[in-house]
Structure formats: structure tokens, C-alpha cells
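Undergrad: Please read through the structure below; I'll follow up with questions.
The values are calculated or read from the model by the stated rules, or taken from the named source; none is laboratory data. Since the model is a prediction, treat every value here as computed from it, not as a measurement. Don't worry about glycine lacking a Cβ; one is built from the backbone with ideal geometry, like all the others, and counts go over all protein chains shown. Accessible surface is based on the protein model in full, side chains and every heavy atom, while ligands, DNA and RNA are left aside. Shrake-Rupley method; radii C 1.70, N 1.55, O 1.52, S 1.80 Å.
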Amino acid sequence: MDAPTGWAFEEGGKALTRTFKFKDFSEAFGFLTRVALHAEKQDHHPEFTSVWNRVDFRLTSHDAGGVTERDLSLAEAINGLAGR
């Protein structure tokens, strides 16, 4: 299993991680809103932190004990949402 572009496996391979940086807080918050709407539709919610213009993600399927196809799919979707 390969990590999507820009993503990395956390040590131990239990999660995918990635940091996104934006121009400012407003741009970062807009991005998170798009991610939240997508995640809600997919019923698969990412772990994230947001500090001003930076958003850090950690994707894992807790019920499966690690990364699944759902996480890979969500990572790809997040990549696409960041590109808008």
C-alpha cells in the first residue's frame, strides 16, 4: 500500500499524515469546511489540528486498527479539495 501524493505513513504505519499551509487563517478555515462537508458525506472523519494558516491531518480507521482504503480515498479527496 502506497501513501497518496504528499502523505506519509506515521511511524508504525498506523496512520497517514500530512500538513497543508495556506495564505492565511481564512483560507485554511475554508479548506477545513470543504473537508468537513466531504467527510460527513463519506461518514469517515479525519483527525486534524489547525493553527492559523496550517492544517495537520492524521487519517486512520480506528475500528480496523490502522490505515484502510477509506483513509487512502479520504487522503486523495483532501488533496483534491486543497487544490481548489
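Undergrad: Say we look at segment 5-24 and pick out the residues that are more than 11 Å from the chain's Cα centre (by Cα) and either in contact (Cβ under 8 Å) with a residue 40 or more places away in the chain or open to solvent by 100 Å² or more (accessible area, probe 1.4 Å) (or both); which of these is farthest from LEU74 (Cα to Cα)?
TA: Per the criteria, the residue is LYS23.
Undergrad: Any idea which of (1) out of contact with any Leu (no Cβ under 6 Å at 6 or more places or on another chain); (2) farther than 14 Å from LEU81 by Cα is the one THR33 doesn't satisfy?
TA: Unmet for THR33, out of (1) out of contact with any Leu (no Cβ under 6 Å at 6 or more places or on another chain); (2) farther than 14 Å from LEU81 by Cα: (2).
Undergrad: Just to be sure before I move on: is THR49 among the hydroxyl-bearing types (Ser, Thr, Tyr), in a strand (DSSP E or B) and closer than 17 Å to GLY6 by Cα in the structure I sent?
TA: no
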